[in-house]
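The values are calculated or read from the model by the stated rules, or taken from the named source; none is laboratory data. Just so you know, these numbers come straight off a predicted model, no measurement behind them. Please note: Cβ atoms are built from the backbone with ideal geometry, for glycine as well, and neighbour counts cover all protein chains shown.
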Amino acid sequence: MSPSTATPLVRWLTVATPLAGAPGARRAAVSPAQWRDAMRELAAAEFRLLALWTSTTPAAAVHAVLASGDNLLQLDLALPAGTTGYADIADIFPAAARMQRAAADLTGIAADARDRRPWVRHAAWPADYLPLAASAGVPAGEQTVADDYPFVRVTGDGVHEIPVGPVHAGIIEPGHFRFSVVGEKVLRLEQRLGYAHKGIEQRFTSLPLLEGHRLAARVSGDSAVAFSWAYVQALEGMADCRPPARALWLRALALECERIANHLGDLGALGNDAGFAFGLSQFSRLKEQWLRALEPVFAQRYLLDYVVPGGVARDAAGGALDALARCAGDIAREARLVRSIYDEHAGVRDRFVGTGIVKPQLARQLGMAGLAARASGQAHDLRVDAPTEPYAALGVQVVCEQDGDVAARVAVRFGELDESVRLVARIAAELPSGDHRGEVVAPAAGTSGLGAIEGWRGPVLLALTSGSGGSIARCHPHDPSWQNWPLLEHAVIGNIVPDFPLINKSFNLSYSGQDL
Amino acid sequence: MYKTLRQIRHIGIVTEPPRGADEELRVRAALQARIAEVLGRALCIREVDAGSCNGCELEIQALNNPLYNIEALGIRFVASPRHADLLLVTGPVARNMELALKRTYQAMPDPKLVVAVGDCGCSGGIFGENYASAGRVGNVIPVDVAVPGCPPGPARILAGILTAISPGR
């Protein structure tokens with residue numbers, strides 16, 4: 001089969017049928033024989049892999065979501081009865097490698113890949129216990145021993161290893177980094193994640209459909225609005241319910257507020273990691289000011305319980321919205337002042353510029369996602385590419401940089417901070433009147449939907465299938481950190497060990513969001 | 001440099017006075033008078049995320065911002081459990097983190113104060129207990145003070161920390 005740019009679009013998008021939830025989402029069934037060809041053709045047509053997962057009910061299947069422009073395509077591969085294997089696609093979409101390994105741990109449905117090391121399963125439960133298998137009960141016997149994970153060894157004169165984690169020196173999430181270094185220079189970084197794996201996907205199946213948004217919000221607390229919105233977007237699509245316009249605008253307000261809070265936090269931490277504590281003082285003060293400004297509108301500092309099925313948990317009064325928009329404007333003004341100080345500070349520039357580079361070509365090859373990808377020339381943003389209401393009306397300006405270094409990731413954050421502040425003011429001024437919440441009736445069993453929301457870190461995806469009696473048969477939340485963790489391994493090559501915290505912070509990836 | 005100094009002068013000191021300890025949060029009382037005497041003026045904290053959603057981490061980080069300014073109270077976050085008087089633990093304890101949490105606890109010098117932060121640390125929260133989650137922190141190591149909330153705000157977390165080192169009733 002010759003890969004052409006026109007054929008696959010015709011071939012896979014024309015056979016695809018609409019999928020509930022995200023705007024423009026479609027799905028197509030593929031056979032085991034078509035699986036790799038489909039992936040190859042879609043890769044040739046510049047589709048990116050957004051997520052890959054497996055399911056066991058009603059039958060064993062592999063699912064992948066790919067995106068290009070405004071196309072969001074889910075491929076469903078039903079496995080022949082009695083089989084649990086499928087063809088590896090990591091050579092076509094490198095981002096698939098870890099997703100395939102995690103899927104094998106959870107359902108036993110495994111790709112015929114070369115790297116079949118477990119990913120989220122360490123030593124706490126036995127290999128034959130499959131948490132998402134239909135018959136999964138409680139694992140037999142508990143172990144709390146350290147397992148011996150086969151890291152790739154780098155050998156040669158003067159090469160030594162530095163193991164870091166899972167407990168890190170700062171106030172951050174758990175994970176293990178294995179550096180192979182010569183002197184101060186990093187030859188190779190290998191990550192081992194999964195420490196924060198707490199059985200989220202199994203837990204979903206014991207929650208009612210109309211309550212799953214609460215767990216979705218807690219997949220990665222810093223992206224609570226993005227995940228809970230993706231969940232209810234899938235659910236509302238499945239239930240054929242359209243929330244009132246006011247509710248959708250308030251969700252967008254919450255999403256932009258979440259983006260502002262995270263960008264403020266990161267911009268301070270990045271200054272600090274570059275040895276400029278002044279930056280942390282300024283931005284952590286601004287972030288606190290911002291979180292306090294959110295309370296009168298959302299009744300929370302972190303919006304974990306704001307997005308609910310059918311709308312949002314509470315309406316916002318005009319006065320409170322105006323105050324929020326004013327606060328956002330004040331913060332943007334102060335942030336611009338600190339930006340000018342960052343830009344003129346020789347020490348900060350020295351640490352930021354040329355550090356932790358991911359070139360646009362590598363970003364494209366490895367399927368980098370979200371904010372970090374936009375700093376490496378990949379101008380993808382779901383708010384623009386496949387806008388959920390009200391984003392088409394808001395007209396988001398994508399912020400993109402080409403250099404792919406820490407300085408570029410800082411610049412994207414500054415740019416997006418300004419843009420989100422503009423969006424907050426616009427939403428506060430133009431919020432449609434009406435209800436803030438509508439009715440949602442749980443859909444019939446066996447209905448599927450897909451949610452796709454551009455969170456502050458990148459595209460957040462959530463695939464949902466209903467069970468009988470208003471239950472959840474399967475829910476797979478997907479954080480863009482899956483795509484970007486491997487890029488961090490590349491970004492650090494050739495840099496010095498002391499620059500790792502700075503490079504790591506410039507990505508600021510979620511552990512919980514990928515460990516699940 | 002001029003801009004930096006001008007901004008520092010313009011903002012001034014924004015630190016707010018902390019609220020005190022809250023006996024409601026205490027789970028277990030041990031040697032409180034002695035602890036207050038020894039640690040009351042200089043406390044070192046090691047934070048361990050044992051499997052949280054990272055929401056609690058964001059609020060713990062806020063303790064270092066100029067408004068809460070926890071260092072001004074003589075409280076410091078340290079990089080090693082060997083330097084720590086108090087362990088601040090978040091999350092339902094992921095079974096993949098159970099061993100690391102126990103080892104961190106063992107590495108601390110006595111009296112090994114432990115404050116569990118957040119609904120998950122207090123009760124397992126929405127995640128509960130399953131093949132991968134051991135639930136609340138108290139299921140894995142002894143807990144002195146538990147601070148509920150999802151996530152609890154910085155003022156509540158600070159009250160929990162101060163409770164752990166206060167003389168008690």
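Side notes on the structure shown:
- Among (1) out of contact with any Asp or Glu (no Cβ under 9 Å at 6 or more places or on another chain); (2) in contact (Cβ under 8 Å) with a residue 12 or more places away in the chain; (3) within 14 Å of chain B (Cβ to nearest Cβ), the one test that A:Gly137 misses: (2)
- Being out of contact with any strand residue (DSSP E or B) (no Cβ under 6 Å at 6 or more places or on another chain), within 23 Å of B:Asp49 (Cβ to Cβ) and either of a type in the set (Phe, Trp, Tyr) or part of a loop (DSSP other than H, G, I, E, B) (or both) holds for only one residue in A:Asp222, A:Asp305, A:Asp240, A:Asp266, and it is A:Asp305.
- Count - residues of the range B:82-116 that are charged (D, E, K, R), in contact with a strand residue (DSSP E or B) (Cβ under 9 Å, 6 or more places away or on another chain) and either at the interface with another protein chain (Cβ under 9 Å from one of its Cβ atoms) or under 12 Å from B:Gly138 (Cα atoms) (or both): 2
- Test for A:Arg292: is it of a type outside the set (A, V, I, L, M), away from every other protein chain (no Cβ under 11 Å), assigned to a helix (DSSP H, G or I) and free of Cβ contacts under 8 Å to residues at least 40 places away in the same chain: no
- Given (1) at the interface with chain B (Cβ under 9 Å from one of its Cβ atoms); (2) under 30 Å from A:Val297 (Cβ atoms); (3) out of contact with any helix residue (DSSP H, G or I) (no Cβ under 6 Å at 6 or more places or on another chain), number of the condition A:Leu248 does not satisfy: (1)
- Any chance A:Pro126 is in a loop (DSSP other than H, G, I, E, B) and touching a Pro at 6+ places or on another chain (Cβ under 8 Å): yes
- Qualifying residue in the range B:33-50 (condition: buried (at least 23 other Cβ atoms within 10 Å of the Cβ), in a helix (DSSP H, G or I) and within 11 Å of another protein chain (Cβ to nearest Cβ)): no
- The listed residues are A:Phe177, A:Phe93, and the only one of them that is part of a loop (DSSP other than H, G, I, E, B), within 23 Å of A:Gly513 (Cα to Cα), among the aromatic types (Phe, Trp, Tyr) and more than 10 Å from chain B (Cβ to nearest Cβ) turns out to be A:Phe93.
- When we screen B:Ile70, B:Ile126, B:Ile141 for residues that are more than 8 Å from chain A (Cβ to nearest Cβ), surrounded by fewer than 23 Cβ atoms within 10 Å (Cβ to Cβ) and modelled with pLDDT of 95 or more, the only hit is B:Ile141.
- Flag for B:Cys150 being more than 16 Å from A:His168 (Cα to Cα) and either touching a Gly at 6+ places or on another chain (Cβ under 6 Å) or modelled with pLDDT under 95 (or both): no
- Cβ-Cβ distances below 9 Å connect the following pairs, each with a first residue in the range B:48-67 that is under 17 Å from A:Tyr302 (Cβ atoms) and β-branched (Val, Ile, Thr), a second residue that is modelled with pLDDT of 95 or more and in a loop (DSSP other than H, G, I, E, B), and a separation of six or more residues or different chains: B:Ile60/B:Pro151.
- Taken over the range A:456-481, the criterion of being in a loop (DSSP other than H, G, I, E, B) and of a type in the set (A, V, I, L, M, F, W, C) is satisfied by A:Trp456 alone.
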